[in-house]
Amino acid sequence: MARRWSAFNRTHSTAITNTCITFTLYHRSSRMNKMSYTRGINREQQHKQWFTNNGKPTLNLVLTIVAIALALIILFGTAIALVNPQRKLEAGYRRADPTPQKVINKSKKKNAAVAAYTSIGEIRTVTKREDNQANGTVMVIIPWFSYPEGDTVLYEELVQKTRQFRSIFTEYFSSNTKGELLQKGEDVIKEELKERINEELVLGDITDIYFSDYLFFD
């Protein structure tokens, strides 16, 4: 009798265990199916955010495409500017010259220290007129010179001849049209002016010419 009861208990226990395992597997399978179904719904909802039922692009997709296109244009333009920088003047635009202090600091690192002569002031002049113009183009410039640091004798000469320097600038720009100045480019203009300035100097030479302002007013 005891053996029969023990066998019955083992059979009953095995049946209960199998039932629990089956229920657990079914429960897990149901959860996986539910998760798969939910993911499918989410993908469908995401798809609908980008496309309508007719397959046409929505506003989100259009805005994204426009943003990507603008980013590519900006990136491409920046790359061109870095690879091919222009030093020539363009209408309404020029690359600003460094400030006197920056030039001084940079020169000290190169063991060729310079000082800045900034007393020339603002110069207003008019360029030579083009063939199709009644008058020339008004210009406003503020030039300054760099010269060897510690050269007090040259500094005194610069102070004494400031009016002559202003006349040189006025005459130079009034003898060139705006188109000719743009064609030459600022680097050439500076070199030509530096040569004329140094021709007037007796006690030394300036090293470079810079423009704090260089403006055309059409």
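Would you confirm whether any residue within the stretch 192-208 is assigned to a helix (DSSP H, G or I) and of a type in the set (A, V, I, L, M, F, W, C)? Break it down stepwise before answering.
Applying the first criterion (assigned to a helix (DSSP H, G or I)) to the stretch 192-208 yields 192-200.
Now drop any that are not of a type in the set (A, V, I, L, M, F, W, C), which leaves 193, 197.
So far as the stretch 192-208 goes, yes, one or more of its residues are assigned to a helix (DSSP H, G or I) and of a type in the set (A, V, I, L, M, F, W, C).
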Practice task
Looking only at the stretch 150-173, decide whether some residue is in a strand (DSSP E or B) and surrounded by fewer than 17 Cβ atoms within 10 Å (Cβ to Cβ).
Solution key: no
Exercise for the section: Give GLU180, GLU186 a once-over and let me know the one that is farther than 19 Å from ASN198 by Cα and in contact with a strand residue (DSSP E or B) (Cβ under 8 Å, 6 or more places away or on another chain). Expected result: GLU180
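Could you say which residue among GLU130, GLU180, GLU171, GLU149 is without any contact (Cβ under 8 Å) to a residue 12 or more places away in the chain and either among the charged types (D, E, K, R) or in contact with a helix residue (DSSP H, G or I) (Cβ under 7 Å, 6 or more places away or on another chain) (or both)?
Details: GLU130 fails: without any contact (Cβ under 8 Å) to a residue 12 or more places away in the chain; GLU180 fails: without any contact (Cβ under 8 Å) to a residue 12 or more places away in the chain; GLU149 fails: without any contact (Cβ under 8 Å) to a residue 12 or more places away in the chain.
Unique residue meeting the criteria: GLU171.
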Handout entry: Residue selected from the stretch 100-127 under the condition of a type in the set (Gly, Ala, Ser) and without any contact (Cβ under 8 Å) to a residue 40 or more places away in the chain, by the criterion surrounded by the most Cβ atoms within 10 Å (Cβ to Cβ)
Key = ALA116
Practice task
Output the number of the condition that ILE197 fails; it satisfies all remaining conditions of (1) within 25 Å of ARG94 (Cα to Cα); (2) surrounded by fewer than 12 Cβ atoms within 10 Å (Cβ to Cβ).
Solution key: (2)
Exercise for the section: Residue by residue through the stretch 121-137, note down the ones that are within 31 Å of the chain's Cα centre (by Cα) and at pLDDT below 95. Expected result: THR137
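The values are calculated or read from the model by the stated rules, or taken from the named source; none is laboratory data. All of these numbers come straight from a predicted model, not from anything done at the bench. Heads up, the Cβs are rebuilt from the backbone with ideal geometry, glycines too, and the neighbour counts pull from every protein chain shown.
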